[in-house]
Amino acid sequence: MIGDHTDYNQGLSLPMAIDLATEAAFRPKAGSFLIGVASDQFPEPWEIPLGGHAAVAPPEAALASALVGLAHPATGGSLQVTSTIPVGAGLSSSAAFSVALLLALGRQGDPLALATLCQRAEEAAGARVGLLDPLTILEAQAGHALSIDFATLETHQVAVPEEAAFVVVHSGTSRDLGTSLYAVRRAECERAANHLGKPLGLCALGDLSALGESVLRRRARHVITECTRVREVERLLARRNLTAIGALMTEGHRSLAEDFRVSTRALDELVNRLVALPGVYGARLSGGGFGGCVIALCAGDSPALDPATHAPLRAWSVRPAAGAAVRTVP
């Protein structure tokens with residue numbers, strides 16, 4: 001809902017899980033030392049040794065290899081992965097894949113420990129990401145957003161009013177954080193934090209005067225103002241003030257576009273188109289940016305909730321859903 005690029009800056013975020021999902025079904029095979037992975041997202045299956053050797057796997061299997069290595073399954077077997085989450089859409093498809101594989105392979109632990117393993121696997125596969133996505137997937141509750149303080153790693157649930165409706169619309173351009181400027185933005189934030197002597201999520205607007213470089217000042221300003229928006233949206237959710245929440249979502253998108261420079265022309269145009277529709281309170285890019293989707297907060301009778309309204313672009317009407325769960329089947 002609000003709070004992007006704040007997690008690796010020890011800031012605040014207010015995400016929610018949605019009712020698109022990735023499922024991983026594992027069937028162990030006694031005596032086997034290989035994990036066979038078949039996914040409806042990729043044309044060819046992979047075979048991964050129990051130790052997980054990303055270096056010898058196809059590039060697209062590197063994340064699965066890293067996860068197998070971290071999960072330490074007792075035996076090999078077969079993993080069948082299916083998903084309704086589009087890849088490269090800014091909807092945390094890789095985090096959902098990571099959580100699903102770890103849980104299916106029997107890895108146990110508290111949500112933070114499991115989220116940290118997902119982060120380590122992503123880094124091993126070449127993507128330096130934060131904890132926001134896997135932690136949300138592991139802790140989410142239906143009908144709630146998850147308030148996360150990345151300075152303390154404390155979380156709590158925040159009820160989302162039943163009358164709040166959401167639509168996610170794909171901009172038509174995919175994104176890949178591994179090849180985008182995501183790493184550059186992280187490095188810029190680290191430079192700004194080094195100048196200020198503390199993480200950007202713990203800074204105030206008054207600290208910006210100490211940053212002489214205008215680019216670093218803009219990056220820091222986004223993080224600082226985004227944390228303020230997170231606090232305000234949480235307060236407004238308790239008051240059920242959807243109009244004000246929507247305005248803050250749109251304001252957050254402008255900050256991501258102008259101060260943090262992670263938006264695209266297609267995303268900006270889509271946000272403008274959505275907020276012009278009846279019953280749309282606000283809209284913003286979803287995830288790390290550089291392509292992917294926009295999420296809009298709507299009234300329950302808004303035409304924006306009908307995916308056909310956005311054709312030929314893909315769209316999904318979504319709700320705040322429960323996070324990951326394990327089922328044992330015969």
### Message
Please compute the contact order of the chain in relative form: average sequence separation of alpha-carbon pairs under 8 Å and at least six residues apart, divided by the residue count, as a percent.
### Response
24
### Summary
Summing -39500 (n - 2.57) over every DSSP H run of at least 4 residues in the chain and dividing by its residue count gives a helix-only mean residue ellipticity at 222 nm, to the nearest 500 deg cm²/dmol, of -11000 deg cm²/dmol
### Query
Stretched out fully, how many nm does the piece from Q41 to A311 gain, at 0.36 nm a residue minus the Cα gap?
94.9 nm
### Query
Of all trypsin sites (Lys or Arg not before Pro) in region 60-162, which ones are in loop regions per DSSP and have a Cβ with at most 15 other Cβ atoms within 10 Å?
R128
### Summary
With a ≥ b ≥ c from the Cα gyration tensor eigenvalues, square-rooted, and the rule rounded for a/c under 1.5, otherwise prolate when a/b > b/c and oblate otherwise, region 161-318 is oblate
### Query
What are the trypsin sites (Lys or Arg not before Pro) within region 231-318 that DSSP puts in a loop, where the Cβ has at most 11 other Cβ atoms within 10 Å?
none
### Query
Which whole-Hz ³J(HN,Hα) couplings does region 275-291 yield from phi under the Karplus relation 6.51 cos²θ - 1.76 cosθ + 1.60, θ = phi - 60°, glycine and proline marked x?
5, 7, 7, x, x, 9, 7, x, 8, 7, 5, 10, x, x, x, 6, x
### Query
Using modelled backbone amide H atoms (1.01 Å from N, in-plane), which distant-in-sequence or interchain residues come within less than 5 Å of S39's amide H?
V81
### Message
Using Cα-Cα distances under 8 Å and only pairs 6 or more residues apart, what relative contact order does region 161-318 have, in percent?
### Response
35
### Summary
proj_area_mean for region 7-120 (convex hull on C-alpha atoms), units nm², value 7.6
### Query
Along the Cα-to-Cβ line of A187, 7 Å from the Cα, sits a label point; which residues in region 106-128 have backbone N less than 19 Å from it?
123-128
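Each reported figure results from applying straightforward, stated rules to the coordinates on display, with no laboratory input. The structure displayed is predicted, hence computed values, not measured ones. Quick reminder, even Gly has a Cβ in these numbers, built from the backbone with ideal geometry, and neighbours come from all protein chains shown.
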